[in-house]
1. How big is the accessible area of residue 351 in square angstrom, nearest 10, if you roll a 1.4 angstrom probe over the protein chains?
2. Taking K and R as +1 and D and E as -1, what net charge do the other residues with C-beta under 11 Å from the C-beta of residue 411 add up to?
3. What does the extension gain come out to for residue 444 and residue 132, with contour length at 0.36 nm per residue minus their alpha carbon separation?
4. Length gain on complete extension for the stretch residue 334 to residue 488, per 0.36 nm per residue less the alpha carbon to alpha carbon distance?
5. Per residue, how much accessible surface does the range 244-322 expose to a 1.4 Å probe? Answer in Å², no decimals.
6. Run through the DSSP bridge list for the range 413-493 and note the antiparallel percent, rounded to the nearest 5.
7. Extending each Cα 7 Å along its Cβ direction at residue 350 and residue 323, get the distance between those two points in nm, one decimal.
8. Hey, of (1) 21, 44, 26, 9, 0; (2) 22, 54, 22, 2; (3) 26, 59, 16, 0, which did the structure itself give for P(r) over Cα pairs in 20 Å bins from 0, in percent when calculated?
Amino acid sequence: MREHAVVIAGGGPTGLMLAGELALAGIDVAIVERRAREDLIGARAGGLHARTIEVLDQRGIGDRFVALGTRHPAVPFHSHLVPLEITDFPTRRNFTLGLRQNHIERLLGEWVGELAVQTYRAREVTGFAQDETRVDVELSDGRLLRAQYLVGCDGGRSLVRKAAGIEFAGWDPTTSWLIAEAEMAGEPEWGFRQHDTGTSAIGKAEDGGRVRLVLTERQLGTDREPTLRDVSAALVAAYGTDFGIHSPVWISRFTDMTRQAVTYRKQRVLLAGDAAHVHPPMGGQGLNIGVQDAVNLGWKLAQVIKRIAPDDLLDTYEAERQKVAARVLRNTMAHVALNRTDPRTKALNEIVSDLLRMDEPRRCFAAMMSGLDLHYDLGDGHPLLGRRMPDLDLVTADGPMQVFALLHRARPVLLNFGAPSSIAIAGWTDRVQLVDASYRGAWELPALGAVPAPTAMLVRPDGYVAWVGERTQAGLTEALTKWFGASAGTQRA
């Protein structure tokens, strides 16, 4: 029996990101992935939102993704008719990045490979047994793995979630769409088209020789796998012709099923990504919140395993991320509702479109869709508390430095903008970086606008502000203890 501190079921973007986070913290982590190779067949996620790119910047790998993707100045909320521009947002990544999931997974896989993460390919988790100290994980090839924790990153049909007995509450599908990549004998009608069934779209595949399409089905289709005949019929219904479609590379289907795990943890088993929440892909948020689930969970799980922090730190993972997913479920359900084509919904669509063309609603919804407005409830206080730390241009004793460079190793940082050495954290210097810095620019947050300049702030490894000092250190000891364990002196005592 092979032992690891953490076993991750699923080597998609969420599982890869979590593995990288744990490896940075020095945790022995292994991935179990059913695919023999990294090849990804079919349409999955098509890009990264601004906050996810920032998260990758926090680990020093964001440029790898940006170099391969296509920058778009806006995010879509409810249809292609109202792009919500984010070019005026105060972030270095004020764009949406068009990048297919196969490229995203390959780049994350390369990063995880650099961190020497063990991956068991061509096998799946088929079951597990847990007690108060460990989880024994059964694999499809008969192998057993023993771990302190098992994390299900194994998708919407998660075996880990089902075996743990975690309810997947929500709404059954009402609408389905066909998606495919194929060849066409004739020139199709490019772009989006609305018809009495819904919205359809045809675009060029990456190689330029084939087409990719999405078609709303007239009737909910979930009883069998779709075929080329189904695609042809849906094209005829929407366009009056199937454009001579032939030679499909793949055909698939998605629905508006919307569900969320009622808990993200059952003893030593945790869930992240699609295993914890599924929703229609409108707005392209699924992969993004899965990656951010991983970044929220990774450092917390590492500290519990290292016995730096108590086990109840893991409760903050569910408390913070479940609300984020619930909001995404809500707005994707709104996407689906607004894309209906009956006269009453069209009237509502026009009103919502008019609202989103106004500046303040545009900033509000664009910040939500891009993930830049995320606010964890860490209590009352400065507007920065619980929000993402901006990637400021600092001046430090070591020279100019960007904030995110201090997070590359997934370690927390206490930034002191007051007099040098005016803050002492002697009991936490083994865990928290203390950096005296100065910053001359404006303090501004997306959608929120200008905020008062703090004199100090504690930034968690996931880039969110855990404490803000305003000419006082009140609450600092409590914040350090809550997030990064008792002081070294207390632990020794």
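1. 100
2. +2
3. 107.7 nm
4. Taking residue 334 through residue 488 to full extension adds about 50.5 nm, to one decimal.
5. 31
6. 70
7. Using points 7 Å along Cα→Cβ, the separation is 3.8 nm.
8. (2)
The values are calculated or read from the model by the stated rules, or taken from the named source; none is laboratory data. Worth saying up front: this structure is predicted, and the values here are computed from it rather than measured. Please note: Cβ atoms are built from the backbone with ideal geometry, for glycine as well, and neighbour counts cover all protein chains shown. Only protein heavy atoms, including side chains, enter the accessible area calculation; ligands, DNA and RNA are left aside. Shrake-Rupley method; radii C 1.70, N 1.55, O 1.52, S 1.80 Å.
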